[in-house]
Amino acid sequence: MNARDEILGRVRGALAAAPDAEVEVPRRYARTADGVDVVRLFAERVGDYRATVRIVAPEALAPVVAAELRDAAVGTLAVPPDLPHEWLIETGVEVRADSPVLSVNELDGCDGVLTGCAVAIAETGTIVLDGGPTQGRRALTLVPDVHICVVPASVVVGTVPEAITRLDGTRPLTWVSGPSATSDIELNRIEGVHGPRRLVVIVVDRQTG
């Protein structure tokens, strides 16, 4: 018996003696404390990651998308094929739908990408993409330099456990907390190495305005 088999054998032995009962997750870990405005908390935490955050009413979404595209100097925009047309009616930029699938070179030629998301987590300031409606495939949000993500207030949850209950673990999940960033040995921050250099999050909240 090698070391691996010995370790796994001990683990199996320990689990065999464990009770076969579900363990209740403490409430404080399951969801955000009562009275917390998860939409505002999410916006605050996303801002901590040096992302641009806007909270807008539904009717203001298209003008804000257009303004953010102008501010980021986006001339060519990649989008998922099922992105709602009303998000783009005021952009004035060249839009390239990912259907047929854009090549890596074509994606690299796009200045930015506009998508929705599956879930947003307030306590960690994280958006989660699962390739579902309005999100497109994973590569779409990893190659262009600017990612503008539209987040309906209805998909914002307080905690990671809450998010997990809404997600399908068999789908390709991408968890995004701010722009792509890394640091060298001297802790100099460098953005845009592994994904978008700039992240813009637009939260659509009917209670705004």
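Compute the Kirkwood hydrodynamic radius of the range 94-185, taking the inverse of the mean of 1/r over all pairs of distinct Cα atoms, and give it in Å to one decimal.
Result for the range 94-185 stands at 14.1 Å.
By the scheme Lys and Arg +1, Asp and Glu -1, what is the net charge of all other residues having a beta-carbon under 14 Å from that of THR91?
-4
Can you tell me, using C-alpha contacts under 8 Å and at least 6 residues apart, the relative contact order of the range 36-204 as a whole percent?
Answer for the range 36-204 is 29 percent.
Return the Cα extents of the range 36-204 along principal axes one, two and three, sorted largest first, each rounded to a whole Å.
Principal axes ranked by extent give 45, 40, 34 Å for the Cα atoms.
With +1 on the Cβ of every Lys and Arg and -1 on the Cβ of every Asp and Glu, and nothing else charged, how large is the dipole of the range 33-86 about its Cα centre, in debye rounded to the nearest 20?
Dipole size: approximately 220 debye.
The numbers here are math on the coordinates, done by the rules we state, and not lab data. Because the structure is a prediction, the values reported are computed rather than measured. Every residue, glycine as well, gets a Cβ built from its backbone with ideal geometry; the counts of neighbours run over all protein chains shown.
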